[in-house]
Amino acid sequence: MKIIMLGAPGAGKGTQAKQIAAKYGIPHISTGDIFRANIKEGTELGKKAKEYMDQGALVPDELTCDLVMDRIQKDDAKNGFVLDGFPRTIPQAEALDAALTKAGEAMDYAIDVDVPDENIVGRMGGRRACLNCGATYHIVSIPPKKEGICDNCGSELVLRDDDKPETVQKRLNVYHEQTQPLIDFYKGKGILRSVDGTVPMDQVFESIVSILGE
Ligand code: AMP
(Lines give C-alpha, C1' and ligand atoms only; values in the text may rest on other atoms or scores of the structure.)
Protein backbone atom coordinates (compact mmCIF):
# COMPACT_ATOMS: atom_id res chain seq x y z
CA MET A 1 0.00 0.00 0.00
CA LYS A 2 1.46 3.35 -1.07
CA ILE A 3 0.11 6.29 0.85
CA ILE A 4 0.70 10.05 0.82
CA MET A 5 -0.21 12.12 3.85
CA LEU A 6 -1.39 15.64 3.04
CA GLY A 7 -2.27 18.43 5.42
CA ALA A 8 -0.98 21.71 6.81
CA PRO A 9 2.09 21.73 9.05
CA GLY A 10 0.82 20.82 12.51
CA ALA A 11 -2.29 19.00 11.23
CA GLY A 12 -1.02 15.80 12.86
CA LYS A 13 -0.09 13.96 9.69
CA GLY A 14 3.26 12.85 11.12
CA THR A 15 1.63 11.22 14.13
CA GLN A 16 -0.91 9.48 11.90
CA ALA A 17 1.79 8.42 9.43
CA LYS A 18 3.76 6.69 12.22
CA GLN A 19 0.64 4.79 13.32
CA ILE A 20 -0.17 3.77 9.75
CA ALA A 21 3.41 2.54 9.28
CA ALA A 22 3.19 0.42 12.45
CA LYS A 23 -0.24 -1.05 11.67
CA TYR A 24 0.40 -1.92 8.03
CA GLY A 25 4.09 -2.83 8.37
CA ILE A 26 5.36 -0.29 5.84
CA PRO A 27 8.13 2.31 6.30
CA HIS A 28 7.31 5.86 7.38
CA ILE A 29 9.24 8.19 5.09
CA SER A 30 9.38 11.76 6.38
CA THR A 31 11.39 14.25 4.35
CA GLY A 32 11.47 16.59 7.37
CA ASP A 33 13.04 13.79 9.47
CA ILE A 34 15.56 13.03 6.72
CA PHE A 35 16.57 16.70 6.53
CA ARG A 36 16.81 16.99 10.33
CA ALA A 37 19.00 13.86 10.49
CA ASN A 38 21.28 15.43 7.86
CA ILE A 39 21.43 18.69 9.82
CA LYS A 40 22.40 16.76 12.93
CA GLU A 41 25.12 14.88 11.08
CA GLY A 42 26.38 18.13 9.54
CA THR A 43 26.17 16.85 5.94
CA GLU A 44 26.23 19.18 2.90
CA LEU A 45 22.54 18.43 2.31
CA GLY A 46 21.80 19.28 5.94
CA LYS A 47 23.63 22.61 5.70
CA LYS A 48 21.73 23.60 2.57
CA ALA A 49 18.34 22.41 3.89
CA LYS A 50 18.73 24.25 7.21
CA GLU A 51 18.93 27.64 5.50
CA TYR A 52 15.45 27.13 4.08
CA MET A 53 13.90 25.28 7.02
CA ASP A 54 14.85 27.91 9.59
CA GLN A 55 12.99 30.49 7.52
CA GLY A 56 9.86 28.37 7.14
CA ALA A 57 10.55 28.03 3.41
CA LEU A 58 10.57 24.84 1.37
CA VAL A 59 13.84 23.13 0.53
CA PRO A 60 14.25 23.32 -3.29
CA ASP A 61 12.72 20.45 -5.30
CA GLU A 62 16.09 19.46 -6.77
CA LEU A 63 17.42 18.70 -3.27
CA THR A 64 14.28 16.85 -2.26
CA CYS A 65 13.06 14.68 -5.14
CA ASP A 66 16.10 12.45 -5.73
CA LEU A 67 16.31 11.77 -2.03
CA VAL A 68 12.77 10.41 -1.93
CA MET A 69 13.10 8.48 -5.19
CA ASP A 70 16.18 6.70 -3.78
CA ARG A 71 14.45 5.98 -0.50
CA ILE A 72 11.32 4.41 -2.02
CA GLN A 73 13.47 2.02 -4.02
CA LYS A 74 15.00 0.47 -0.90
CA ASP A 75 14.04 -3.13 -0.06
CA ASP A 76 11.87 -2.26 2.93
CA ALA A 77 9.61 -0.14 0.68
CA LYS A 78 8.80 -3.02 -1.71
CA ASN A 79 5.36 -3.59 -0.21
CA GLY A 80 4.55 0.08 0.10
CA PHE A 81 5.31 3.12 2.22
CA VAL A 82 3.70 6.12 3.82
CA LEU A 83 5.07 9.48 2.69
CA ASP A 84 4.90 12.24 5.27
CA GLY A 85 5.77 15.75 4.10
CA PHE A 86 6.35 14.76 0.48
CA PRO A 87 5.20 15.79 -2.07
CA ARG A 88 4.81 19.42 -1.04
CA THR A 89 4.72 21.01 -4.50
CA ILE A 90 3.15 20.09 -7.85
CA PRO A 91 6.59 19.49 -9.46
CA GLN A 92 7.42 17.05 -6.60
CA ALA A 93 4.09 15.24 -7.16
CA GLU A 94 4.80 15.04 -10.88
CA ALA A 95 8.32 13.69 -10.24
CA LEU A 96 6.90 11.02 -7.92
CA ASP A 97 4.23 10.12 -10.45
CA ALA A 98 6.77 9.82 -13.25
CA ALA A 99 9.09 7.61 -11.17
CA LEU A 100 6.25 5.28 -10.16
CA THR A 101 4.76 5.13 -13.66
CA LYS A 102 8.19 4.16 -14.99
CA ALA A 103 8.22 1.27 -12.53
CA GLY A 104 4.65 0.30 -13.55
CA GLU A 105 3.29 1.43 -10.18
CA ALA A 106 1.02 4.14 -8.76
CA MET A 107 0.09 5.68 -5.43
CA ASP A 108 -2.96 4.11 -3.79
CA TYR A 109 -4.19 6.86 -1.46
CA ALA A 110 -3.56 10.53 -0.67
CA ILE A 111 -5.04 11.20 2.76
CA ASP A 112 -5.70 14.83 3.63
CA VAL A 113 -5.78 15.50 7.37
CA ASP A 114 -7.95 18.60 7.39
CA VAL A 115 -7.45 21.21 10.13
CA PRO A 116 -8.31 24.94 9.83
CA ASP A 117 -5.50 27.49 10.23
CA GLU A 118 -6.98 28.84 13.50
CA ASN A 119 -6.34 25.47 15.20
CA ILE A 120 -2.85 25.09 13.77
CA VAL A 121 -1.17 28.11 15.33
CA GLY A 122 -2.13 27.06 18.87
CA ARG A 123 -1.10 23.46 18.27
CA MET A 124 2.37 24.19 16.95
CA GLY A 125 3.41 26.31 19.91
CA GLY A 126 2.78 23.24 22.09
CA ARG A 127 4.85 20.87 19.97
CA ARG A 128 8.06 19.48 21.43
CA ALA A 129 10.57 17.39 19.52
CA CYS A 130 13.46 15.16 20.38
CA LEU A 131 16.32 16.13 18.07
CA ASN A 132 18.12 12.91 19.00
CA CYS A 133 15.59 10.23 17.99
CA GLY A 134 12.92 12.22 16.12
CA ALA A 135 10.04 11.50 18.55
CA THR A 136 7.43 14.26 18.75
CA TYR A 137 5.19 15.29 21.63
CA HIS A 138 2.62 17.95 22.48
CA ILE A 139 2.50 19.54 25.91
CA VAL A 140 -1.29 19.03 26.07
CA SER A 141 -2.29 16.18 23.76
CA ILE A 142 0.78 13.88 23.81
CA PRO A 143 2.88 14.88 26.83
CA PRO A 144 6.09 12.98 27.59
CA LYS A 145 6.06 10.98 30.85
CA LYS A 146 8.60 13.39 32.33
CA GLU A 147 8.29 17.05 31.34
CA GLY A 148 10.88 18.13 28.78
CA ILE A 149 12.45 14.65 28.46
CA CYS A 150 12.04 12.16 25.59
CA ASP A 151 10.30 8.89 26.62
CA ASN A 152 12.30 6.93 24.03
CA CYS A 153 15.86 8.06 24.58
CA GLY A 154 15.95 10.41 27.58
CA SER A 155 17.21 13.41 25.57
CA GLU A 156 15.97 16.93 26.18
CA LEU A 157 12.87 18.02 24.23
CA VAL A 158 12.86 21.31 22.36
CA LEU A 159 10.51 23.62 20.46
CA ARG A 160 11.87 23.27 16.92
CA ASP A 161 13.03 26.55 15.35
CA ASP A 162 10.50 26.07 12.59
CA ASP A 163 7.65 25.61 15.12
CA LYS A 164 8.24 29.05 16.64
CA PRO A 165 5.22 31.36 16.17
CA GLU A 166 6.94 33.75 13.76
CA THR A 167 7.84 30.84 11.47
CA VAL A 168 4.50 29.03 11.75
CA GLN A 169 2.54 31.75 9.92
CA LYS A 170 5.13 31.72 7.15
CA ARG A 171 4.87 27.92 6.87
CA LEU A 172 1.08 28.17 6.66
CA ASN A 173 1.34 30.70 3.83
CA VAL A 174 3.79 28.41 2.03
CA TYR A 175 1.38 25.50 2.57
CA HIS A 176 -1.57 27.38 1.05
CA GLU A 177 0.43 28.61 -1.91
CA GLN A 178 2.46 25.54 -2.79
CA THR A 179 1.07 22.41 -1.12
CA GLN A 180 -2.71 22.86 -1.01
CA PRO A 181 -2.95 22.61 -4.84
CA LEU A 182 -2.00 18.93 -4.36
CA ILE A 183 -5.46 18.30 -2.97
CA ASP A 184 -6.98 18.96 -6.40
CA PHE A 185 -4.10 17.14 -8.09
CA TYR A 186 -4.90 13.91 -6.21
CA LYS A 187 -8.67 14.48 -6.42
CA GLY A 188 -8.17 14.49 -10.19
CA LYS A 189 -6.42 11.14 -9.92
CA GLY A 190 -9.32 9.74 -7.88
CA ILE A 191 -7.18 8.79 -4.86
CA LEU A 192 -7.88 11.69 -2.48
CA ARG A 193 -9.56 10.90 0.85
CA SER A 194 -10.15 13.57 3.50
CA VAL A 195 -10.40 13.07 7.25
CA ASP A 196 -11.34 15.59 9.93
CA GLY A 197 -8.09 16.33 11.78
CA THR A 198 -9.72 18.40 14.55
CA VAL A 199 -11.06 15.38 16.49
CA PRO A 200 -8.88 13.44 19.00
CA MET A 201 -5.93 11.59 17.44
CA ASP A 202 -7.28 8.08 17.96
CA GLN A 203 -10.50 9.06 16.17
CA VAL A 204 -8.51 10.49 13.28
CA PHE A 205 -6.69 7.16 13.09
CA GLU A 206 -9.99 5.22 13.14
CA SER A 207 -11.21 7.25 10.15
CA ILE A 208 -7.98 6.47 8.33
CA VAL A 209 -8.25 2.75 9.08
CA SER A 210 -11.82 2.75 7.79
CA ILE A 211 -10.46 4.10 4.49
CA LEU A 212 -7.43 1.80 4.23
CA GLY A 213 -9.15 -1.32 5.60
CA GLU A 214 -8.29 -3.49 8.63
P1 AMP B 1 8.12 18.74 8.38
O2 AMP B 1 8.85 18.02 9.45
O3 AMP B 1 7.49 17.82 7.36
O4 AMP B 1 7.16 19.77 8.90
O5 AMP B 1 9.23 19.55 7.53
C6 AMP B 1 10.03 20.56 8.13
C7 AMP B 1 10.65 21.43 7.05
O8 AMP B 1 11.47 20.64 6.18
C9 AMP B 1 9.67 22.13 6.11
O10 AMP B 1 9.14 23.33 6.66
C11 AMP B 1 10.55 22.39 4.90
O12 AMP B 1 11.42 23.47 5.10
C13 AMP B 1 11.38 21.12 4.84
N14 AMP B 1 10.73 20.08 4.02
C15 AMP B 1 10.23 18.89 4.44
N16 AMP B 1 9.72 18.19 3.42
C17 AMP B 1 9.88 18.96 2.31
C18 AMP B 1 9.54 18.81 0.94
N19 AMP B 1 8.88 17.72 0.49
N20 AMP B 1 9.87 19.81 0.09
C21 AMP B 1 10.51 20.91 0.51
N22 AMP B 1 10.84 21.14 1.80
C23 AMP B 1 10.54 20.18 2.69
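For the subset of segment 83-123 comprising residues that are touching a residue at least 40 places away in the same chain (Cβ under 8 Å) and among the acidic types (Asp, Glu), which member is surrounded by the most Cβ atoms within 10 Å (Cβ to Cβ)?
Asp84
So Thr89 clears everything in (1) over 30 Å from Val199 (Cβ atoms); (2) among the β-branched types (Val, Ile, Thr); (3) near the ligand (Cβ under 10 Å from one of its atoms) except one condition, right? Which one?
(1)
Please determine, by comparing only the residues of segment 3-29 that are surrounded by fewer than 20 Cβ atoms within 10 Å (Cβ to Cβ) and among the basic types (Lys, Arg), which one is nearest to Pro116 (Cα to Cα).
So the residue we want is Lys18.
It is to be established whether one or more residues within segment 137-147 are among the aromatic types (Phe, Trp, Tyr) and either closer than 16 Å to Ile4 by Cα or more than 18 Å from the chain's Cα centre (by Cα) (or both).
Within segment 137-147, not a single residue is among the aromatic types (Phe, Trp, Tyr) and either closer than 16 Å to Ile4 by Cα or more than 18 Å from the chain's Cα centre (by Cα) (or both).
Within the set of pairs 6 or more residues apart or between chains, which connect a residue that is more than 14 Å from Leu67 (Cα to Cα) inside segment 22-34 to a residue that is assigned to a helix (DSSP H, G or I) and more than 16 Å from the ligand (Cβ to nearest atom) with Cβ atoms less than 6 Å apart?
That search, which allows pairs on different chains as well, returns Pro27/Asp76; Pro27/Ala77.
Go through Glu166, Glu118, Glu156, Glu177 for me and flag whichever is modelled with pLDDT under 90, over 13 Å from Gly10 (Cα atoms) and among the charged types (D, E, K, R). Lay out the reasoning, then the answer.
On the way: Glu118 fails: over 13 Å from Gly10 (Cα atoms); Glu156 fails: modelled with pLDDT under 90; Glu177 fails: modelled with pLDDT under 90.
After applying the criteria, what remains is Glu166.
Residue under question is Glu214, and the condition is that it be surrounded by fewer than 13 Cβ atoms within 10 Å (Cβ to Cβ), over 24 Å from Lys40 (Cβ atoms) and either free of Cβ contacts under 8 Å to residues at least 24 places away in the same chain or within 15 Å of the chain's Cα centre (by Cα) (or both); does it hold? First the steps, then the outcome.
Working: surrounded by fewer than 13 Cβ atoms within 10 Å (Cβ to Cβ): yes; over 24 Å from Lys40 (Cβ atoms): yes; either free of Cβ contacts under 8 Å to residues at least 24 places away in the same chain or within 15 Å of the chain's Cα centre (by Cα) (or both): yes.
For Glu214, the condition - surrounded by fewer than 13 Cβ atoms within 10 Å (Cβ to Cβ), over 24 Å from Lys40 (Cβ atoms) and either free of Cβ contacts under 8 Å to residues at least 24 places away in the same chain or within 15 Å of the chain's Cα centre (by Cα) (or both) - is met.
The values are calculated or read from the model by the stated rules, or taken from the named source; none is laboratory data. Nothing here was measured: the structure is a model prediction, and the numbers come from that model. No Cβ is skipped: glycine too gets one built from the backbone with ideal geometry, and neighbour counts run over all protein chains shown.
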